[in-house]
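One structure below.
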Amino acid sequence: MRKRSRKFVAKILGRLWRLFRRWLFLTLSIGPMPEHIAFILDGNRRYAKKKNLKMGAGHNVGFNSLVVVLRYCYELGVEYVTVYAFSIDNFRRKPEEVKGLMALMKEKIDELLEEDTIVHKFGLRIKFWGNLDMLSEPARVAAERAMAATANNTGPVLSVCVAYTSTNEIVRAIKKSCSTKRDETAEGSLGFTGDPLRDGACGSIAVADMEDNLDSADCPDPDIIIRTSGETRLSNFLLWQSTLTHLQNPIPLWPEFSLRNLIWAILEYQRVYPYFEARRRGLAK
Amino acid sequence: MDGNSRWAKARGLPSSAGHEAGYRTLKKMVELSGQWGIRALTVFAFSSENWTRPKMEVDFLMTLFENVLKESLGEFLREGIRVCIIGDSSELPPSLQKLVKEVVDKTKNNTQIDVIVAISYSGRKEITQACQNIARKVKDGLLEPEDITESHITEELETNCIPEFPNPDLLIRTSGELRLSNFLLWQSAYTELFFTNTYWPDFGEADYIEALTSFQNRQRRFGQRIN
């Protein structure tokens, strides 16, 4: 009987919390809202050490934290969320840690595709950015399956960067552009457009060619990049895309990043928005 | 070097006064950097977006750059400063273009400190230009697409004028703006960023020491673990 009443109270509190959040987000959205937020999930291991958890547990906690933050972002109406989950540089860590992370990746991707997760709740489209061939076979297969399973969803987008660095992304884009141009030239299918950048010097690449071949081709540039744990560097994340992005580096470690921190991040963005917009219009010219 | 105009506005002065004060700060920073053994400095003087500013301000800046280069050439030679200019020089007035070539040429053998000045510069255009150069090599059969690496791009960037220091260790942005604004996008992949609310003309020795101390306290891991 006591257990039932405790469950009832928890249900009511849960509902009240969701109502409060809804009201809070509505108030926040009176001001300009970011369309795309990117996160560098830094501090999982330091968190595990701080809480005396066993090795590897920090990343598990980090994942649970991610699901919660994603829910808040999508409830706020953010259309695109990108997360830096695993860099190409991270492959240089100890083999046990890398193996553990590959296994965790596969497990969590599979979990996300189950029923009653945020993927179904919000109709998320999942994308994986990076050199996916570098992943372990099971992780790569899981990633490709997730992309295929959610390709026809119409909700917001979650882009997960794995085996990713921005410089590698740019190199892959130029490789693709060059190969395409070369094939088109060989087939004689490259008609004359009257545009000197495309005609004549057939090896010439335009900015549009490059941007079309980046992993982020269908995605607007991020409005905010949040790197947790207080570190102030990009670590080879979205270098091309972040030229006008508001960079934030809150002190909490990733598993400690809370709703309060997210609200603060958006308030900071809203504060500088007029200056940003003027610059963005200048860049677009 | 952000904040010259806002510094001037706060004092009821025209923006030209802000830029002149900014130049004095730059001179001081170059001097301190040389004294403290910093081997390379890159400064963002004028971005490709800045061409949209009022004509009077743009003309003033171009004249300021010319006067600074003319007056400082002697000092560059005395102090062993190697000067390199990056950015789209074709947009600059012809007299400035000529002066830039002369200064770069006359200082190329100096070895005390390298100063790269970015004028009419855009990080995205720089990367695109590098990619176009590489694409030309592919078209000419000098390089296969599959063999393109990050080093090829680094070598084609304008900052390769000083190949010993391709990537900055520390990037300082003044005036409280928290973003890169199209500056050294490729090169700052692992750069430690330091943001300060101080306007550039007010940035002094104490602020510089604060930035460097902050840098010294950072733990740079480059994606790996430090045990």
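The values are calculated or read from the model by the stated rules, or taken from the named source; none is laboratory data. Quick caveat, the model's predicted, so the values are computed rather than measured. Neighbour counts run over all protein chains shown; Cβ positions are idealised from the backbone, glycine included.
What is the one condition in (1) more than 12 Å from B:Pro201 (Cα to Cα); (2) surrounded by fewer than 17 Cβ atoms within 10 Å (Cβ to Cβ); (3) more than 15 Å from the chain's Cα centre (by Cα); (4) touching a residue at least 40 places away in the same chain (Cβ under 8 Å) that B:Lys28 does not satisfy?
All conditions pass for B:Lys28, except number (1).
Being within 17 Å of the chain's Cα centre (by Cα) and either under 17 Å from A:Arg125 (Cα atoms) or assigned to a loop (DSSP other than H, G, I, E, B) (or both), is that true of even one residue in segment A:43-56?
Yes, because at least one residue in segment A:43-56 is within 17 Å of the chain's Cα centre (by Cα) and either under 17 Å from A:Arg125 (Cα atoms) or assigned to a loop (DSSP other than H, G, I, E, B) (or both).
Is it true that B:Arg39 is of a type in the set (Lys, Arg), in contact with a strand residue (DSSP E or B) (Cβ under 7 Å, 6 or more places away or on another chain) and away from chain A (no Cβ under 14 Å)?
So B:Arg39 passes the test.
Could you check segment A:143-173 and list, in sequence order, the residues that are within 14 Å of chain B (Cβ to nearest Cβ) and not charged (D, E, K, R)?
The answer is A:Cys161, A:Val162, A:Ala163, A:Tyr164, A:Thr165, A:Ser166, A:Thr167, A:Asn168, A:Ile170, A:Val171, A:Ala173.
Within segment B:196-227, can you find the residues that are polar (S, T, N, Q), more than 9 Å from chain A (Cβ to nearest Cβ) and in contact (Cβ under 8 Å) with a residue 12 or more places away in the chain? First the steps, then the outcome.
Taking segment B:196-227 first, the residues polar (S, T, N, Q) are B:196-198, B:213-214, B:216-217, B:219, B:224, B:227.
Checking which are more than 9 Å from chain A (Cβ to nearest Cβ) leaves us with B:196-198, B:213, B:216-217, B:227.
Passing the criteria: B:Thr196, B:Asn197, B:Thr198.
Residue by residue through segment B:161-195, note down the ones that are within 7 Å of chain A (Cβ to nearest Cβ), assigned to a loop (DSSP other than H, G, I, E, B) and either in contact (Cβ under 8 Å) with a residue 24 or more places away in the chain or among the basic types (Lys, Arg) (or both).
B:Arg179, B:Leu180, B:Ser181, B:Asn182, B:Leu185, B:Trp186, B:Tyr190, B:Thr191
Can you tell me how many residues within segment B:196-227 are aromatic (Phe, Trp, Tyr), farther than 30 Å from A:Tyr164 by Cβ and not in a helix (DSSP H, G or I)?
Total satisfying the criteria: 2.
For segment B:136-160, give me the residue count where each residue is part of a helix (DSSP H, G or I), crowded, with 19+ Cβ neighbours inside 10 Å and over 26 Å from the mean Cα position of the chain (by Cα).
Summing the residues that are part of a helix (DSSP H, G or I), crowded, with 19+ Cβ neighbours inside 10 Å and over 26 Å from the mean Cα position of the chain (by Cα) in segment B:136-160 gives 1.
What is the one condition in (1) surrounded by fewer than 20 Cβ atoms within 10 Å (Cβ to Cβ); (2) within 14 Å of another protein chain (Cβ to nearest Cβ) that A:Glu114 does not satisfy?
Among (1) surrounded by fewer than 20 Cβ atoms within 10 Å (Cβ to Cβ); (2) within 14 Å of another protein chain (Cβ to nearest Cβ), the lone unmet condition for A:Glu114 is (2).
Are any residues in segment A:1-29 more than 25 Å from the chain's Cα centre (by Cα) and aliphatic (A, V, I, L, M), and if so, which ones?
Once the filter is applied, which keeps residues that are more than 25 Å from the chain's Cα centre (by Cα) and aliphatic (A, V, I, L, M), segment A:1-29 yields A:Met1, A:Val9, A:Ala10, A:Ile12, A:Leu13, A:Leu16, A:Leu19.
Residue-by-condition table, conditions (1) surrounded by 14 or more Cβ atoms within 10 Å (Cβ to Cβ); (2) out of contact with any Ser or Thr (no Cβ under 6 Å at 6 or more places or on another chain):
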| position | (1), (2) |
| --- | --- |
| B:Pro54 | no, yes |
| B:Val58 | yes, yes |
| B:Val68 | yes, yes |
| B:Glu71 | no, yes |
| B:Asp88 | yes, no |
| B:Pro94 | no, yes |
| B:Asn110 | yes, yes |
| B:Val115 | yes, yes |
| B:Ser120 | yes, no |
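State all residues of segment A:94-111 that are over 13 Å from A:Ala146 (Cα atoms) and surrounded by 14 or more Cβ atoms within 10 Å (Cβ to Cβ); if no residue qualifies, say none. Talk me through it step by step, then tell me what you get.
Looking only at segment A:94-111, we keep the residues that are over 13 Å from A:Ala146 (Cα atoms), and these are A:94-104.
Once the filter is applied, which keeps residues that are over 13 Å from A:Ala146 (Cα atoms) and surrounded by 14 or more Cβ atoms within 10 Å (Cβ to Cβ), segment A:94-111 yields A:Glu97, A:Val98, A:Gly100, A:Leu101, A:Met102, A:Ala103, A:Leu104.
Residue under question is A:Arg71, and the condition is that it be within 13 Å of chain B (Cβ to nearest Cβ) and out of contact with any Asp or Glu (no Cβ under 6 Å at 6 or more places or on another chain); does it hold?
Judged against the criteria, A:Arg71 is not a match.
Criterion first (charged (D, E, K, R) and within 14 Å of chain B (Cβ to nearest Cβ)) does A:Arg93 satisfy it? First the steps, then the outcome.
Values: charged (D, E, K, R): yes; within 14 Å of chain B (Cβ to nearest Cβ): yes.
When the stated conditions are applied, A:Arg93 passes them.
Table: residues versus (1) more than 10 Å from chain B (Cβ to nearest Cβ); (2) at pLDDT below 90; (3) in a loop (DSSP other than H, G, I, E, B); (4) more than 20 Å from the chain's Cα centre (by Cα).
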| site | (1), (2), (3), (4) |
| --- | --- |
| A:Lys181 | no, yes, no, yes |
| A:Ala186 | yes, yes, no, yes |
| A:Ser189 | yes, yes, yes, yes |
| A:Arg198 | yes, yes, yes, yes |
| A:Glu231 | no, no, yes, no |
| A:Pro255 | yes, no, no, no |
| A:Pro274 | yes, yes, no, yes |
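Quick one: B:Asp2 ticks every box in (1) acidic (Asp, Glu); (2) touching a strand residue (DSSP E or B) at 6+ places or on another chain (Cβ under 8 Å); (3) exposed (fewer than 14 other Cβ atoms within 10 Å of the Cβ) bar one, so which box is it?
(3)
State yes or no: is A:Leu238 touching a residue at least 12 places away in the same chain (Cβ under 8 Å), facing another protein chain (nearest Cβ under 7 Å) and assigned to a loop (DSSP other than H, G, I, E, B)?
For A:Leu238, the condition - touching a residue at least 12 places away in the same chain (Cβ under 8 Å), facing another protein chain (nearest Cβ under 7 Å) and assigned to a loop (DSSP other than H, G, I, E, B) - is not met.
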